[in-house]
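Here's the structure we're looking at; comments come further down.
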Amino acid sequence: MNYQELSQRIEQSGHGLCIGIDPDPAQFPEGVGGLREFCLGIIDSTADVAVAYKPNFAFFEALGRPGWDALDAVTEHLRSLPQKPFLIADAKRGDIGNTAARYAEGILEVMGYDAITVAPYMGRDSVEPFLRPNKWVIGLGLTSNPGASDLQQLKLEDGRHLYEAVVDAYREWGSPDNLMIVAGATRPEALGALRERMPETFFLVPGIGAQGGSVADVMRHGAFRDRPGLGLLINASRTILYASKGSDWRQAARKAATDLAAEIRAARRP
């Protein structure tokens, strides 16, 4: 899915809801048989709502072979949906050279994901191998976790914060057509500053819901200045996946997704 297609999808839906697939068996509703049943149930309940899905590879890798088998099933199911959602591999790879190239080949080409999250700590070499035709890198920018201040907000000699230097580098390494950044919802003012720095770049925004981020703040500070409501994929995971512990978990997930999509739609600037 290219830049124009993603923009059109968000414009048509009126929101950029991304559902994170973070399947934690300890939080599954009673009676759920395993990762595959849970993940496919969430997807089927929300497929006509979500613009994007973001399976978190760690939750599958932690279970070894059964987890990888479940991830394969989830990936194939997502790829088969008639809605053709934007598919993000939340894998946070951060290596270089042939290793990075193999990660890119496996996840973006063989598994067929549209995008992959990448950690840029090793510099240009850790990003460029993932920049492939009709695929996207989603580089960590300013994240929503408390420890982000440990490094990301360090001041450099030129007056920039470290995260600002990182996103400035992204502009040299890629373009808005193939590179997004992760920008956390819990720091809306910084989100606005990032938008000024990167006026045409898509942001993947975690931190809504369980982490306390505000949809209204994200939309006000993070959307494209000249195209209200666009430029954002707003991710939610726990608030949708675990909306109910009962037998109505599928219906509850659908309602939570529908409600959040409506909230995003309502927060678009007129």
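Here is how the numbers come out for the structure above:
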{"item": "Mean Cβ count within 10 Å, highest first, over the residues of peptides 30-38, 43-51", "result": "43-51, 30-38"}
{"item": "Spin-label pair GLU105/ARG197, simplified geometry with 7 Å Cα→Cβ offset, distance in nm", "result": "3.4"}
{"item": "Dipole moment magnitude, nearest 20 debye, the stretch 3-265 about Cα centre, only Lys, Arg, Asp, Glu C-beta charged", "result": "320"}
{"item": "Anisotropy class of the stretch 130-174 from Cα gyration tensor, a/c 1.5 cut", "result": "oblate"}
{"item": "Computed lengthening from ASP248 to ASP158, 0.36 nm per intervening residue step minus Cα-Cα distance", "result": "27.0 nm"}
{"item": "Normalised contact order of the stretch 3-265, rounded percent, pairs of Cα under 8 Å and 6 or more residues apart", "result": "22"}
{"item": "GLY20 long-range amide H proximity, modeled H, under 5 Å", "result": "LYS54, ALA236, SER237"}
{"item": "Lys/Arg +1, Asp/Glu -1 at C-beta; the chain dipole; positive extreme among GLY16, TYR113, LEU154", "result": "GLY16"}
{"item": "The stretch 26-96 and the stretch 179-221: distance between their alpha carbon centers, rounded to Å", "result": "24"}
{"item": "Peptide ranges 116-123, 3-10, 133-140, 15-22 listed from the most packed, as the mean C-beta count within 10 angstrom indicates", "result": "15-22, 133-140, 116-123, 3-10"}
{"item": "Using a Förster distance of 30 Å, the FRET efficiency for ALA262-HIS77 (Cβ separation, nearest 0.05)", "result": "0.75"}
{"item": "Pairs from LYS54/LYS255; LYS135/LYS155; LYS92/LYS245; LYS54/LYS155; LYS135/LYS255; LYS54/LYS92 whose Cα-Cα separation, in the structure shown, is over 21 Å", "result": "LYS135/LYS155; LYS92/LYS245; LYS54/LYS155; LYS135/LYS255"}
{"item": "Mean residue ellipticity (222 nm) of the chain, computed from DSSP H runs ≥ 4 via -39,500 (n - 2.57), nearest 500", "result": "-11500 deg cm²/dmol"}
{"item": "Amide hydrogen neighbours beyond the local backbone of GLY229, cut-off 5 Å, H modeled", "result": "PHE224, ARG269"}
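Read the figures in this text as sums done on the coordinates, not as results from a lab. What you see is a predicted model, and the numbers here were worked out from it, not measured in a lab. Cβ coordinates were reconstructed from backbone atoms using ideal geometry, including for glycine residues, and neighbour counts include every protein chain displayed.
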